[in-house]
Amino acid sequence: MPALLALHDVSYARARQRPGPAGFRLKEINLQIEAGDFCGILGANGSGKSTLARLCCGLYLPDSGEVIVEGYSTRQEENRRRIRRVVGLAFQNPDNQFVAETVAAETAFGLENLGVPPAEIRRRLREVLDRFDLGHLAGTPPHRLSGGEKRRLSLAALWVLRPRVLLLDEPLSMLDPGSKKKICGLLQELRREGTALLWFTPAFAEVARADHLLVLEAGKAVWQGRPGEFWGEVEKANRWGIELPPVYEIAAGICQSSPPPVASEEEFVSWLWK
Ligand SMILES: Nc1ncnc2c1ncn2[C@@H]1O[C@H](COP(=O)(O)OP(=O)(O)OP(=O)(O)O)[C@@H](O)[C@H]1O
Ligand SMILES: [Mg+2]
């Protein structure tokens with residue numbers, strides 16, 4: 001069985017394919033994602049997260065190396081349609097993802113493209129609008145939505161196609177705490193149902209429960225491991241530009257000699273009780 005998503009020595013130089021400042025390079029990235037995996041890609045602004053996300057779904061093609069989805073390379077034009085059904089990219093800025101006039105049309109767009117019969121589209125639309133709490137906004141233009149609603153729509157429009165991997169480019173950025181909680185809950189639900197998550201972020205707390213982490217620094221994979229092992233590297237987080245959990249910063253202030261590995265309020269509270 002081929003891996004769901006595999007990157008083999010993927011390199012990419014920005015200047016060769018796009019205008020703009022020369023010099024940025026992703027270098028020899030290796031990664032493997034299986035069904036239901038939760039993988040966090042950590043890195044500062046400009047480290048290459050969005051570029052890597054675009055490579056993973058075939059929006060960009062590597063200069064060298066291969067991105068393979070269920071055994072099919074993103075290089076071959078004839079594989080693109082198949083790959084788009086397996087891997088869905090939630091853009092960093094949801095506005096860049098929207099193509100339709102209303103929430104309902106946006107959600108139905110992918111299904112219409114696939115030629116799904118109208119009755120089935122209506123059924124799936126009801127289901128997805130309900131799940132992502134967008135039913136009351138079905139007729140609203142996407143650009144009028146709030147940040148949290150836009151994020152839910154960007155995920156709904158992908159999930160309606162049942163991708164096996166979701167690429168999440170900073171899915172919690174610019175959301176208030178309530179919206180963050182809602183989106184996290186939805187994403188964890190999708191994961192429990194078997195969708196693999198590849199979550200790109202500068203904030204360790206968001207991916208502290210991932211199966212696997214990869215740290216990008218200026219286009220290079222400088223560290224890979226499990227979240228539990230990340231604490232051993234915590235003094236490098238500043239250099240890598242990775243945001244540590246606020247509760248960790250507090251705990252480190254209390255216990256400077258050996259700060260405890262706490263990523264959530266629950267972990268912090270149980271550490272305090274010990
Ligand atoms: N269209 C473009 N043309 C040229 N260079 C670009 C383009 N888009 C991004 N870059 C450069 O590529 C590098 C990596 O950018 P990328 O957007 O992948 O980083 P990122 O980790 O997603 O950053 P952020 O956290 O700010 O979203 C940066 O140096 C950036 O300036
Ligand atoms: Mg980005």
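If you check Val222, Val262, Val234, which single one turns out to be within 16 Å of ligand 1 (Cβ to nearest atom), more than 30 Å from Leu145 (Cα to Cα) and of a type outside the set (Asp, Glu)? If you could, list the steps in order and put the result at the bottom.
Numbers: Val262 fails: within 16 Å of ligand 1 (Cβ to nearest atom); Val234 fails: within 16 Å of ligand 1 (Cβ to nearest atom).
The unique qualifying residue is Val222.
Tell me, which residue of the range 111-130 that is open to solvent by less than 70 Å² (accessible area, probe 1.4 Å) and modelled with pLDDT of 95 or more is farthest from Leu186 (Cα to Cα)?
Step one: filter the range 111-130 for residues open to solvent by less than 70 Å² (accessible area, probe 1.4 Å), giving 111, 114-116, 119-121, 124-125, 128-129.
Going one step further and asking which of them are modelled with pLDDT of 95 or more, we end up with 119-121, 124-125, 128-129.
On the way: Ala119: 26, Glu120: 23, Ile121: 22, Arg124: 17, Leu125: 17, Val128: 12, Leu129: 13 Å.
That would be Ala119.
For the range 3-85, which fully contained strands (runs of 3 or more DSSP E) count at least 3 residues that are modelled with pLDDT of 95 or more and within 16 Å of ligand 2 (Cβ to nearest atom)? Spell out the reasoning first.
Working: elements: 5-13, 25-33, 38-43, 64-69.
In the range 3-85, the matching strands (runs of 3 or more DSSP E) lie at 38-43.
May I ask you to list the residues in the range 52-61 that are open to solvent by less than 30 Å² (accessible area, probe 1.4 Å), without any contact (Cβ under 8 Å) to a residue 60 or more places away in the chain and within 14 Å of ligand 1 (Cβ to nearest atom)? Write out each step before concluding.
Just the residues of the range 52-61 that are open to solvent by less than 30 Å² (accessible area, probe 1.4 Å), to begin with: 52-53, 55-58, 60.
Next, from what is left, pick out any that are without any contact (Cβ under 8 Å) to a residue 60 or more places away in the chain: 55, 58, 60.
Scanning the range 52-61 gives Leu55, Tyr60.
Name the residues in the range 244-261 that are crowded, with 17+ Cβ neighbours inside 10 Å and touching a Pro at 6+ places or on another chain (Cβ under 7 Å), would you?
Across the range 244-261, the qualifying residues are Tyr248, Ala251.
Collect the residues in the range 154-189 that are assigned to a helix (DSSP H, G or I), open to solvent by less than 10 Å² (accessible area, probe 1.4 Å) and over 19 Å from Ala100 (Cβ atoms), keeping them in residue-number order.
Passing the criteria: Ile183, Leu187.
Residues in the range 213-222: is at least one in contact with a helix residue (DSSP H, G or I) (Cβ under 9 Å, 6 or more places away or on another chain), open to solvent by less than 20 Å² (accessible area, probe 1.4 Å) and part of a helix (DSSP H, G or I)?
Within the range 213-222 (the criterion being in contact with a helix residue (DSSP H, G or I) (Cβ under 9 Å, 6 or more places away or on another chain), open to solvent by less than 20 Å² (accessible area, probe 1.4 Å) and part of a helix (DSSP H, G or I)), the answer is no, since none of the residues qualifies.
From the list Arg151, Arg124, which residue is in contact with a helix residue (DSSP H, G or I) (Cβ under 8 Å, 6 or more places away or on another chain), within 16 Å of ligand 1 (Cβ to nearest atom), of a type in the set (Lys, Arg) and assigned to a helix (DSSP H, G or I)?
Numbers: Arg124 fails: within 16 Å of ligand 1 (Cβ to nearest atom).
Checking each option against the conditions leaves just Arg151.
Taking the range 223-269, which residues are in a loop (DSSP other than H, G, I, E, B) and without any contact (Cβ under 8 Å) to a residue 40 or more places away in the chain?
Filtering the range 223-269 for residues in a loop (DSSP other than H, G, I, E, B) gives 226, 241-242, 244-245, 255-264.
Listed by number, the residues that qualify are Arg226, Cys255, Gln256, Ser257, Ser258, Pro259, Pro260, Pro261, Val262.
Are any of the residues in the range 73-89 within 16 Å of ligand 1 (Cβ to nearest atom) and more than 19 Å from the chain's Cα centre (by Cα)?
So far as the range 73-89 goes, no, none of its residues is within 16 Å of ligand 1 (Cβ to nearest atom) and more than 19 Å from the chain's Cα centre (by Cα).
I need every pair where a residue in the range 89-118 that is of a type outside the set (A, V, I, L, M) has its Cβ under 8 Å from the Cβ of a residue that is open to solvent by 70 Å² or more (accessible area, probe 1.4 Å), sequence separation at least 6 or different chains.
Note: pairs meeting the criteria are Asp95/His143; Phe98/His143; Glu106/Val99; Phe109/Val99.
Evaluate the range 189-199: report whether one residue or more is hydrophobic (A, V, I, L, M, F, W, C), within 16 Å of ligand 1 (Cβ to nearest atom) and out of contact with any Gly (no Cβ under 6 Å at 6 or more places or on another chain).
Yes, some residue in the range 189-199 is hydrophobic (A, V, I, L, M, F, W, C), within 16 Å of ligand 1 (Cβ to nearest atom) and out of contact with any Gly (no Cβ under 6 Å at 6 or more places or on another chain).
What pairs come out if I take residues in the range 141-169 that are more than 13 Å from Arg131 (Cα to Cα) and modelled with pLDDT of 95 or more and pair them with residues that are of a type in the set (D, E, K, R) and part of a loop (DSSP other than H, G, I, E, B) whose C-beta lies under 9 Å away, six or more apart or interchain?
Sorted first by the residue in the range 141-169, then by its partner, the pairs are Pro141/Glu101; Pro142/Glu101; Arg164/Glu70; Val165/Asp37.
Name the single residue, out of those in the range 167-192 being within 16 Å of ligand 2 (Cβ to nearest atom) and among the hydrophobic types (A, V, I, L, M, F, W, C), that is nearest to the chain's Cα centre (by Cα). Even if it seems obvious, please write down each step before you answer.
So in the range 167-192, the residues within 16 Å of ligand 2 (Cβ to nearest atom) come out as 167-175.
With the extra rule that they be among the hydrophobic types (A, V, I, L, M, F, W, C), the set shrinks to 167-168, 172, 174-175.
On the way: Leu167: 4, Leu168: 2, Leu172: 10, Met174: 15, Leu175: 15 Å.
Looking at residues that are within 16 Å of ligand 2 (Cβ to nearest atom) and among the hydrophobic types (A, V, I, L, M, F, W, C), I get Leu168.
Quick one: which residue in Gly36, Gly23, Gly65 is surrounded by fewer than 20 Cβ atoms within 10 Å (Cβ to Cβ) and in contact with a His (Cβ under 6 Å, 6 or more places away or on another chain)? Quick ask: steps written out before the conclusion?
Working: Gly36 fails: in contact with a His (Cβ under 6 Å, 6 or more places away or on another chain); Gly23 fails: in contact with a His (Cβ under 6 Å, 6 or more places away or on another chain).
Of the residues listed, the single one that is surrounded by fewer than 20 Cβ atoms within 10 Å (Cβ to Cβ) and in contact with a His (Cβ under 6 Å, 6 or more places away or on another chain) is Gly65.
Select from the range 90-110 the residues that are open to solvent by 20 Å² or more (accessible area, probe 1.4 Å) and part of a helix (DSSP H, G or I) and list them in ascending order. Before the answer, list the steps.
Filtering the range 90-110 down to residues open to solvent by 20 Å² or more (accessible area, probe 1.4 Å) leaves 91-93, 95-102, 104-105, 109.
Correct list: Asp95, Asn96, Ala104, Ala105, Phe109.
The values are calculated or read from the model by the stated rules, or taken from the named source; none is laboratory data. Because the structure is a prediction, the values reported are computed rather than measured. As a convention, Cβ positions derive from the backbone with ideal geometry for all residues, glycine included, and neighbour counts pool all protein chains shown. Remember, those area values only see protein heavy atoms, side chains included, never the ligands or the DNA or RNA. Shrake-Rupley method; radii C 1.70, N 1.55, O 1.52, S 1.80 Å.
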